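Some notes on the structure that comes next.
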Amino acid sequence: MASLAQILEPPSYGYAAPDGSLIVPTTKQLFKEFFSRINLFKDRKNWLAFYSWFTASLFAIPFFFFVKDFLTWKLFLVGFVYSMIILGTHGTIYYHRYSTHRAYQFSHPFWRFITKNLVIKIIPEELYVVSHHVHHLISEKPGDPYNAHAGWLYCFLADAIHQPIARNLTEQEYHRVSQMINHTGVKLNTYAQYQKWGSICNPYRTIAYFALNWSFWYGTFYLIGGIPLATAIFASAGFWAFGVRTFNFNGHGGGKDKRKDGVDFNRKDLSINQLWPGLVTGEWHNNHHLYPNGARAGFRLHQLDYAWYYIWFLSKIGAVSSYRDYTNDFYEKYFNPYKQNRLMPPDSNSTLAHSN
Ligand SMILES: [Zn+2]
Ligand SMILES: [Zn+2]
C-alpha cells in the first residue's frame, strides 16, 4: 500500500533530492510543469487541473463587464464582503472543516446539500481534500503540495502541479483515496473510470454540477439586484478563486519563522495565526494545526470565527449532530500555562514556548 504521502501525482522535478532535502524548482520549471499538467491534448487525465483553472478564469467575463458598465462603490463593497467573508468563511466551513477534517457531522444530507451550495461553486472537492491531508501529514517537508519553503509560485500553482491524485493507484489504493471524499456526497468514479480520467469525480457530472450551481446563483442575484449585482458578485468570486491560492504560502509565514510567543502555540511547523484571514474566514492557521479536526479555530476573544458560529448555529437547530470544540483544551494546555508563566520571575521557567 502506498503511504499517504504518495497518493498525489508527483511533479516531474520531484519533491526531494537523494539526500532528502527539498527540491526547489525554478520559475521556468514551475511554469513548464503547470502548462504540461493542464494540457488536455497531452493527457485526458489532466482534465481536473485544467478545469480548475479554466473555471476560475471564466470569472474574468463578469469582472470585465462589471468594471466596464456597473462599477459603483456600493457594489464594490458588496463584492468585497462576498469574496472575503462569505466565500472565505464557506471555504473554512465546507472544504476545510467538513470535507477534509470531518470536524463536525450533519444530521441529514439535506443540511450538507445546503451548506455545500451556500455559495458559488469554485473548487472541486477532491482537489482540496486529498492534498490537504498530505499537507497535514508532512507539513513543510518534501512532498507537502504547498510547501512554503519552496516559494510563493510553487504554492500558487499547487492545485495544478501537486494536488491532483496519483495516476498509478492500485484498485485498493484508489478505493482508500476515494473514500476521503465519499462523505461529501460527490459520486465516486469506479476504478475503471478512474483509470480513464485519473480522478475521483466524473468530468461530466462535475461540469453539470457547476453549471447548475452557477445558474442558480446568477439567477438569484439577478432577481435581487439585476445584472449589476450578479456581475459584481461573480466578479468578486474570481478574486477569491485566485486569492485562496495565496493562502497556504502566507499561512505558513512564507517559509519564514514569523511565529509569536503567546499567539502561535503550535511549534511543530511555521503556521501562524494571521489577523486578516482569521478575522474574515475563521482560518486561524496556527490554532488549526494545533487541533486539525476541531470545528473551531478562533479560541481567543478577539479571534472571530464565523465558520464556527455557523457550525454552532446549525447544531443549535439540529442540523449538525456532532462537532469537536477544543477551546477548553487550548486554554488548559497552552494559554493559561503561558499566562501563568509570564507572571513568574524570568528565570524560573523558560521552557514553555517549547512545551509541544
Ligand atoms: Zn497549513
Ligand atoms: Zn487543515
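The values are calculated or read from the model by the stated rules, or taken from the named source; none is laboratory data. The model shown is predicted, which means the values in this text are computed figures rather than measured ones. Virtual Cβ from ideal backbone geometry, glycine too; neighbours counted across all protein chains shown.
Could you tell me which residue of the range 168-197 is farthest from His108 (Cα to Cα), considering only residues that are assigned to a helix (DSSP H, G or I), over 20 Å from the mean Cα position of the chain (by Cα) and of a type in the set (S, T, N, Q)?
Among those that are assigned to a helix (DSSP H, G or I), over 20 Å from the mean Cα position of the chain (by Cα) and of a type in the set (S, T, N, Q), it is Gln195.
Determine, yes or no, whether Gly151 is at positive phi, assigned by TED's automatic domain parsing to the domain that holds Leu58, touching a helix residue (DSSP H, G or I) at 6+ places or on another chain (Cβ under 6 Å) and modelled with pLDDT of 95 or more.
When the stated conditions are applied, Gly151 does not pass them.
Which one is nearest to ligand 1 (Cβ to nearest atom), of the residues in the range 116-144 that are part of a loop (DSSP other than H, G, I, E, B) and under 12 Å from the mean Cα position of the chain (by Cα)?
Residue satisfying both the conditions and the ranking: Ile123.
Can you tell me which of (1) in contact with a Gly (Cβ under 7 Å, 6 or more places away or on another chain); (2) closer than 14 Å to Glu33 by Cβ is the one Ala148 doesn't meet?
Every condition holds for Ala148 apart from (2).
Among residues belonging to the range 145-165 that are assigned to a helix (DSSP H, G or I) and over 17 Å from Ser52 (Cβ atoms), point out the one that is nearest to ligand 2 (Cβ to nearest atom).
Taking the candidates together, the pick is Ala148.
For the range 208-226, which residues satisfy the criterion of being in contact (Cβ under 8 Å) with a residue 40 or more places away in the chain and either of a type in the set (A, V, I, L, M, F, W, C) or not assigned by TED's automatic domain parsing to the domain that holds Tyr174 (or both)?
Phe210, Trp214, Phe216, Trp217 - these are the residues of the range 208-226 that are in contact (Cβ under 8 Å) with a residue 40 or more places away in the chain and either of a type in the set (A, V, I, L, M, F, W, C) or not assigned by TED's automatic domain parsing to the domain that holds Tyr174 (or both).
Would you please list the contacts, defined by Cβ atoms under 8 Å and residues six or more apart or on different chains, that run from a residue in the range 111-135 that is farther than 29 Å from Gly318 by Cα to a residue that is in a helix (DSSP H, G or I) and of a type in the set (D, E, K, R)?
Matching pairs, first to second residue: Leu127/Asp159; Ser131/Asp159.
If Val186 satisfies all but one of (1) touching a residue at least 40 places away in the same chain (Cβ under 8 Å); (2) within 30 Å of Ala17 (Cβ to Cβ); (3) out of contact with any Gly (no Cβ under 9 Å at 6 or more places or on another chain), what's the number of the condition it fails?
Condition not satisfied by Val186: (2).
From the residues in the range 70-115 that are buried (at least 20 other Cβ atoms within 10 Å of the Cβ) and more than 27 Å from Thr327 (Cβ to Cβ), which one is nearest to ligand 2 (Cβ to nearest atom)?
Only one residue fits best here, namely Ser83.
Taking the range 229-279 as the region of interest, how many residues are within 19 Å of the chain's Cα centre (by Cα) and not acidic (Asp, Glu)?
Residues that pass the stated criteria total 30.
Can you name every residue in the range 253-307 that is of a type in the set (Val, Ile, Thr) and in contact (Cβ under 8 Å) with a residue 24 or more places away in the chain?
Hits for the range 253-307 are Val280, Thr281.
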